[in-house]
1. Can you find a residue that is within 13 Å of chain A (Cβ to nearest Cβ) and touching a strand residue (DSSP E or B) at 6+ places or on another chain (Cβ under 8 Å) anywhere in the range B:951-960?
2. What strands (runs of 3 or more DSSP E) completely inside the range B:188-277 contain at least 1 residues that are in contact with a Gly (Cβ under 9 Å, 6 or more places away or on another chain) and under 21 Å from residue B:707 (Cα atoms)?
3. Report the residue count in the range B:184-212 for those that are of a type outside the set (A, V, I, L, M, F, W, C) and under 16 Å from residue B:470 (Cβ atoms).
4. Please find, within the range B:710-733, the residue that is farthest from the other protein chains (Cβ to nearest Cβ) out of those that are touching a helix residue (DSSP H, G or I) at 6+ places or on another chain (Cβ under 7 Å) and surrounded by fewer than 16 Cβ atoms within 10 Å (Cβ to Cβ).
5. Right, residue A:113: part of a helix (DSSP H, G or I), more than 10 Å from chain B (Cβ to nearest Cβ), aliphatic (A, V, I, L, M) and under 30 Å from residue B:948 (Cα atoms) or not?
6. Looking only at residues in the range A:98-114 that are closer than 14 Å to residue A:291 by Cα and hydrophobic (A, V, I, L, M, F, W, C), which one is surrounded by the most Cβ atoms within 10 Å (Cβ to Cβ)?
7. Which one of these is touching a residue at least 12 places away in the same chain (Cβ under 8 Å) and over 32 Å from the mean Cα position of the chain (by Cα): B:332, B:313, B:340, B:292?
8. Considering the range B:1003-1021 alone, what residues qualify as being in contact (Cβ under 8 Å) with a residue 40 or more places away in the chain and in a loop (DSSP other than H, G, I, E, B)?
Amino acid sequence: MIHDSVIRPQLVTGDKTLHDVTTEICRPIENKPTTSWTVGFILSVIFLGLLLLSLGVTLAYGIGTWGLNKSVQWGWDITNFVFWVGIGHAGTLISAILLLFRQKWRMSINRSAEAMTIFAVMCAAIFPLFHMGRIWVGGYWVFPLPNAFGSLWVNFHSPLLWDVFAISTYFSVSLVFWYLGLIPDIATVRDRAKTAGRKFWYNFFSMGWTGSVRTWNRYEVVSLVLAGISTPLVLSVHTIVSMDFATSVVPGWHTTIFPPYFVAGAIFSGFGMVLTLLVIARKVMNYQDFITIGHLEAMCKVVMLTGTMVGLAYITEFFVAAYSGVEYEQYAFINRATGPYWWAYWSMMTCNLIAPQVFWFKWARTTPWFIFMLSIVVNVGMWFERFVIIVTSLHREYLPAGWVMYSPTLTEIGIFLGTFGLFFTCFFLFSKFLPVINMAEVKGILKNRE
Amino acid sequence: MAKKQLYWKGEEELFRTKEFLASQKNEFNEPLPLDEVFSENNMGLSANRRDFLKFFGFSVAAVSLAACNTAPVRNVVPYLVKPDEITPGNANYYNSTCGACSTACGITIKTREGRPIKVDGNANSPVSGGGLCSTGQASILGLYDTERLDGPVKVEGGSMAKVEWADLDADVVNRLNAVQTGGGKIAIVTGTIHSPSSLAVINDFKTKYTNANHITYDAVSYSGILTANRDSFGKQVIPSYNFDKANVVVSFGADFLGTWISPVEFTKAWSNRRKVDGISKEGKVLKTVIFESNLSLTGTNADYRFPMKSSQEAVYMTSLYNAIAKMAGQPEIQIALSGELAGGAIQQTAQMLWKEKGASMVISGSNNPKIQMVVNGINMMLGNYGTTIDLDNNSNQFKGIDSDMAAFANDLKSGAYQAVIFWNANPVYSHPESATIAEGLKKAKLSVSFAGIADETAVLCNYIAPDNHYLESWNDAEPKAGVYQLSQPTISPVFKTRQAQESILTWLGQAFKTSDPFANKGIYNQKLSASVYYLYIKSKWAAMGIASDDAFNKCLHDGVYTVAAKPTMVPAMAVALNSIVSDLTASVGKKDEIDLVLYQNVSVKDGSLSNNPWIQETPDPMSKVTWDNYVSLPKALAEKEGIKNGDLVNVTYNKVSLKGMPVFVQPGQSNGTIGIAVGYGRKGKVGEKGEIESIGKNAYPFMQYQSGSYVNVVNGVKITKIDGSYELAQTQTHHSIEGRDIVRETTLGEIKDNPKAGNDKKAPHLYTLWETKEYKKEGAPNHHWAMAIDLNSCTGCSACVVSCSIENNVPVVGRAEVRRRREMHWMRIDRYFTFENRNRVDYKNELFLSRDFEDMNVTKEKGLEALDKLEAEGKDKSYVYWENVKVVHQPMMCQHCGQAPCETVCPVLATTHSTEGLNQMTYNRCIGTKYCANNCPYKVRRFNWFRYNDNDRFDFHFNNDLGKMVINPDVTVRTRGVMEKCSMCVQSIQAGKTKAKREKRKLNDGEVKTACQRACPAGAIVFGDVNDPNSEVHKLFKNERSYRVLEELNTQTAVKYMVKVRDIEKVKA
């Protein structure tokens, strides 16, 4: 029994009935693809092709096809990795933490946010895999597998190994959580299916869902358990990613505030990406009633909060460097702001700290086109943050004799653009074959569900 | 309750026999037919069904596993008859003489399975003293060069055709006889030859062909010194310069640590005289002063470096002469020119020299004999002859007289010379009158070149009769009077080449076949025959008193045979210097015009080996540029002309011009001068490959004929900026040290008072998470390998860089990859410039008014005056700083940290610590995450961005079977995608340990030497076991001057550096 306040604004507008919800959300799945979907999908597949081509070049010739050099041995690859992992943060946060906090507004956006998480982590995984000089052995040597090489074992001291565990755990839990939430909706689609093929496949993936009270009960319990498991993961994944840097001796990386700072940054970028996607999706798929301005506004508030947190971290870093008295640290930060990559640093500051402050104004929080623009700014800013941390720290380290500049090659750019291809290809397929909004849960928050 | 039904499988179980019970304890109670499975005999049809399934399962698994990898079939051909001295896997060493240049350092050649793979200095040789320069190190690759000619060649109409030796011999002899009978002259143009036997061969030739002349031609000659000594003292020799006996050396543009005459020998002597440990209050080191235009290697190591315009050298030299003459009470040179450098440098230098009469030395790199005569005069007044300068035990290393060559060029053109033989000489490339020679060659009835590679001269000759590489040759050498060295072949000729001496002997009809001592003495009647020239050498050495085989073999074993030094005489000057005043005046250029000063790159030198990729990839020690020559420009000029790094300029002087030269703004380049390295811009033809790609541009045509010599200073060149840009491939792009505590230095005065001077920084507090490793604890029984590097000895010559690359199969990556900052050198020399004092007043104090000079009554006003003058001319004072940089060289390689940042971050444990303190790379395990390289504070880890072997995109020597013969079989050739770095030559450590173990003894200190240590002419690198309290490295680790780079990171490096000490006085604060 849910007691809704009469004065609380409705989470789903448009006075929908239960049937309306089903038909409207199933519409894209059951009808022929729209022109905009087709165009977008083809464009995405072209970029996916670029990804395959660029990765093929890398595999054929070597990492030398990238712009890395003797001092900057991580460049766009790890920048993009952290970028995508960060994007992959919002999904679990929305589905797990907001579930635990009983934030009901999450219900119409959690599905797509989770899907985004999974696709983003897939994109992210490409980079640590392909940045390895010998992916053909590295792909499995990083796992602590029993082997015939004698007493060879992985190095549990290495943050890269922690990464392997953190990312793979996060990916599998997110995938299970996402799939679990999909089961009732897949069953709905199955029940509405008209062709044998659709019946078979949706039946297969719905795992015999009947909608009985017992299945609903189990569904709720498992959701809660998975939410419990996912919640620490939201914090742990980016904490561990940040440890790739924080545990090193590189000035500019060796910083204890990295874990919270990275998590805040991840949530910031994750919500940025969710906003980018949903502002478009609600328009294109005509979901304005499900994903309301209220949703956007709530997310804008999160973006503003986390952006400010990240900005605070940037400033704290400077303070700590100055206070530490370590000349290398001090130089690393001065070099960030005034060195040859100053433009990257100031892009980051502008996009991440200054720009989100406009969300103090209600107009900014409630105007979709403006939110969209700003979400792009946030994404760009967060990409620059990772670039600044990785490249500007490495290019001028301890010994000035090793100081170099770094710029990416076409192959690296191709891989980065290509991951967008992969991401959107997955997202378009998802929106075509699966309900983008969790029908079962949305029905639970309808006003006139009787 | 029903009784449980009992089932049994057989009567053994039913009766529970002993065997049955025993077999029940095994997992498989019947013995597994493993033996049968694995032995071929039982693979027949005897298998039962179960075994069949086992076989089947095994086979499927095995086949699929085997199919994963297609192993290429390679054949190993064993020795049918194993030579006595070759045991596969063991190296053999032979002493010999380096053939890279006529300096002729004594070397030790390492061979494996009959192929030479490494050359190092031979400590017995007074020339090399155990070190070897980068050029010499790299010269071994010339043996395995695919550009070498594989047999004699006839050149007709620009195309080359292979011929047989017999046909070549017959035609050459015919033509020689024809020229001889026709009365035409025959020229043998050679590089400097000081081999007594080779000179005898030439004499034999001249005996038969009476109208033959031997002309010695050095691309970079010392004709000025030779003729000056001839005119001054009647001895046309280069003297021995005894740096070990001097307390002050003043050099005018002579880069004696880098390229001048015998740099390895001089570096050894210089560094020995720079030792400061335990120095007494009165102790002296060899104070080094240099006046120069280009920043040379010596300039970077000098205590005082005064930028000058080289075209004014005569002015400064006569001023120095007159200043000293005043003190000596001798007549001054009556010359209208007089000049002084900023701050009274000439006066101060004169006083410095006068204080060290008889223990000083003035040298000049000028090739103008008149200037050299003034130098002789100065040294005479200072009483340096007979002490620091020895004309009697002279050097033979360079003998070329430029006027002879100039005369030859004209005579060839006029047709007087009808036959020419070029031997180790390539004047069409390197002579300023190359066009005259090329034209003259067309008229000659016979022209033969002994060049091993079809070089610029050879392709214009009738025949190319390729000489053996020096590693395939017998030879002897007398680089210094009384110092005899032998060369021996360490491999059979790789191609159908023939040693030049043998060719001449053949043409003379001299053959020693009848007295061949090796004939038919081989095992199983295998015919061995000695080289004709070997027998010739033996006969000559017999005449020298080395008659018996034993005595000769002893010399061969030692590589060196010395006779007692002659007593040195103090010569008398035969010339009044006033008679050369007009020549001196004529040599002085205009002050306001730009000087072009040609110089030799430390590795490329005169360019004769410039197709060697190791040489090209060795960075210039000052600019760190590889693979190109460039216009070295002073900052002031660059700003005036609006030129910056990477721009292109045309350099023009009269009719000579170099178009599109890239620019490098070189700190330390004197204002009003520019520098260009010679030895670049080689052209040639190689078999099917066609034209050799030219590296850089040829600057030899700028050489100016002055007083009978070609001098390297051109006054009045014009530079014009043109459109376009060019990126030089530099290995180090940031030049300042940013005030960081990475190199430490102090002054001699301070270190005399306090041995910890310059190194007395407060030790950082060090904390660690880890337990102290067992091997590091006091009295640990294991080795702990460590290295001490003396910054005070290191000159930055980069011989170690090349040596390391050769020893460890470090790939050459080429210009494009160096531009991407991906050179693979395991060892690099970090070079830092500093402007010690940015403050104007400090600057004046430092340079002009150091305490040393104050004592000598040089007024502060003079210094200020000079600086004010510069400022009055509208020049920013920072130009002065740019002219006056100080330089420190710091060799940097893996520091083998006791607590290594790289080790903790590798996810797969590919880099780990050995119990002997080494940070080891396991290439097989590396997956290439590159995290270790990012986390290395020293940035010494190198990643294999591509596959550098068997890859035609890296067409150096790793992609062909011939070039691969130089690969050290003890070191893995790394594949694409793995990290690599200095291993402290772990293969040598292992070899040393194995040897000691076999001989049941402890490893002795100094028995294992790393490649860099072996190469270092300055002895700056000491490697050893720091756990051994008697080892040298242990003592150096305890030395007050030793420190660790970035000690505050608590990396606990196994490499310590020793503070650099400059013999200057520090300004009181």
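1. Among the residues of the range B:951-960, not one is within 13 Å of chain A (Cβ to nearest Cβ) and touching a strand residue (DSSP E or B) at 6+ places or on another chain (Cβ under 8 Å), which makes the answer no.
2. On the way: elements: B:212-216, B:238-241, B:248-252.
Answer list for the range B:188-277: B:212-216, B:248-252.
3. Step one: list which residues in the range B:184-212 are of a type outside the set (A, V, I, L, M, F, W, C), which gives B:184-185, B:190-192, B:194-198, B:203-204, B:206-211.
Subset that is under 16 Å from residue B:470 (Cβ atoms): B:190-192, B:194-195, B:197-198.
Matching residues across the range B:184-212 total 7.
4. B:721
5. Numbers: part of a helix (DSSP H, G or I): yes; more than 10 Å from chain B (Cβ to nearest Cβ): yes; aliphatic (A, V, I, L, M): yes; under 30 Å from residue B:948 (Cα atoms): no.
The answer is no for residue A:113.
6. A:109
7. Working: B:332 fails: touching a residue at least 12 places away in the same chain (Cβ under 8 Å); B:313 fails: over 32 Å from the mean Cα position of the chain (by Cα); B:292 fails: over 32 Å from the mean Cα position of the chain (by Cα).
Step by step, each of B:332, B:313, B:340, B:292 is checked, and only B:340 is touching a residue at least 12 places away in the same chain (Cβ under 8 Å) and over 32 Å from the mean Cα position of the chain (by Cα).
8. B:1003, B:1010, B:1016, B:1017, B:1018, B:1019, B:1020
The values are calculated or read from the model by the stated rules, or taken from the named source; none is laboratory data. The structure presented is a predicted model; accordingly, all values stated were derived computationally and were not measured. Cβ sites come from the backbone with ideal geometry, for glycine too, and all protein chains shown count toward neighbours.
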